[in-house]
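The structure appears right after this line, and notes come after that.
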Amino acid sequence: MITSLTRRLSALLPGLVLGFVCAGAAQAHKSSDAYLNWRVEGHVVEQRLDIALRDLDRDLSLDANDDGQLTWGEVRGRWAEVVRVAADGVRLAADGQPCTARAPTAAPQLDEHTDGRYAVLPQTFDCPAPVRRVEVDYRLFASSDPTHRGILRVVGPHGEAGHSAVLVPGARPQSFAIEPEAGAAGRSFAGFVFEGLHHIAIGLDHVLFLVTLLMVAVWRRDATGWVPRQGTSSAWKEALRLVTAFTVAHSLTLGLAASGVLAPPSRWVESLIAASVLVAAIDNLRPFLRGPRWVMVSVFGLVHGFGFAGPLQDLGLREGALALPLLGFNLGVELGQLGLVALLLPLASAWRARSFYRMAVVRGGSAAIVVLAGVWTLERSLQLSLMP
């Protein structure tokens, strides 16, 4: 029965690889995030909502001349619609009662995050009484982007550590006590574990890097190139060695970047992530990297860590407030990676000695990844738009 099941699952492997490549073509860039910050003082809630211009452009078609570049004039001329999107997307209540928004007084403004420009929308709310518990009904981009997430931070009047949470558009409203309460830290931690899983699931460049490595983890190199391993145990050891090297490396830079110690330009980080996928795929087709493959994986893992850090870095968490979200987010990423290994490696092991696996899956899949990763590298390094 186990052999029959393995054979049936093995038939899915070419389709899985092709599916990852096709999905990567459609979702080559950073996931959609918005950043919501609340400062609560008495009966007043000060809100700052940062929304990516690329997301607003998708829904509002802000790029009037359709040249692929948003100008300040194009954004400012549609600012009333941007404000409406923000008001419809975030509903605030306190202790079960709606809060009243004051008339906006701030001029339209933009800010740079790790992944590009964001519209900044400050808003002040008056609540019926001193706030003990705030509630958010988050609906931003619920109908246009199922991958979108809001990242919320709630602090007290003096900026003391409060709550951090991941908001899913259209989900049931979430509430947060201003004073610490039992179980709040656990719920926040679980939210960031889920966000880490979500981030690895939709971060197709990260996923394709791992897929490219796993395709040949069931092989070893000799003087002539790649040859199948004799047993599955050595394939599992190699896969775990690669995943461990990747995990240790990206965990290091994820922590440094999220805490603000290092902040390399997003353009170059994203370009190098694409280049890592390209190099790994070329090495599958024609091995040229010397030494153990985990060394290459460690080097590129450092770069991927900067890419993972974006949501936490842009939330502005520091010191003690950063520890729990960072741990939860990293745990979610690792669970996603282990799930990918558990899905793909048994299939690759079952087919490792077959010519169809060599020609169609590894050669065909790696060639497709070379093309896709090459396009990503050009797009990101030269700021071009080569794919829809």
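Numerical summary
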| read-out | value |
| --- | --- |
| Some residue of region 267-282 being in the same structural domain as L335 (by TED's automatic domain parsing), assigned to a loop (DSSP other than H, G, I, E, B) and hydrophobic (A, V, I, L, M, F, W, C) | no |
| Verdict on S143 being in a loop (DSSP other than H, G, I, E, B) and either assigned by TED's automatic domain parsing to the domain that holds T71 or at pLDDT below 90 (or both) | yes |
| Any hit, region 139-148, residues being among the aromatic types (F, W, Y), buried (at least 16 other Cβ atoms within 10 Å of the Cβ), under 24 Å from the mean Cα position of the chain (by Cα) and over 28 Å from G260 (Cα atoms) | yes |
| Number of the condition not met by W226 [criteria: (1) outside any helix (DSSP H, G or I); (2) of a type in the set (F, W, Y); (3) under 25 Å from R380 (Cβ atoms)] | (3) |
| Residue that is nearest to A239 (Cα to Cα), among those in region 280-301 that are surrounded by fewer than 19 Cβ atoms within 10 Å (Cβ to Cβ) and aliphatic (A, V, I, L, M) | V295 |
| Every residue from region 216-237 that is free of Cβ contacts under 8 Å to residues at least 40 places away in the same chain and within 18 Å of A280 (Cβ to Cβ) | R220 |
| Residue in region 83-101 that is over 23 Å from V168 (Cβ atoms), surrounded by 13 or more Cβ atoms within 10 Å (Cβ to Cβ) and among the polar types (S, T, N, Q) present | no |
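The values are calculated or read from the model by the stated rules, or taken from the named source; none is laboratory data. As the structure is a computational prediction, the values presented were derived from the model and not from experiment. For neighbour counting, all protein chains shown are included, and Cβ atoms are generated from backbone atoms with ideal geometry for every residue, glycine included.
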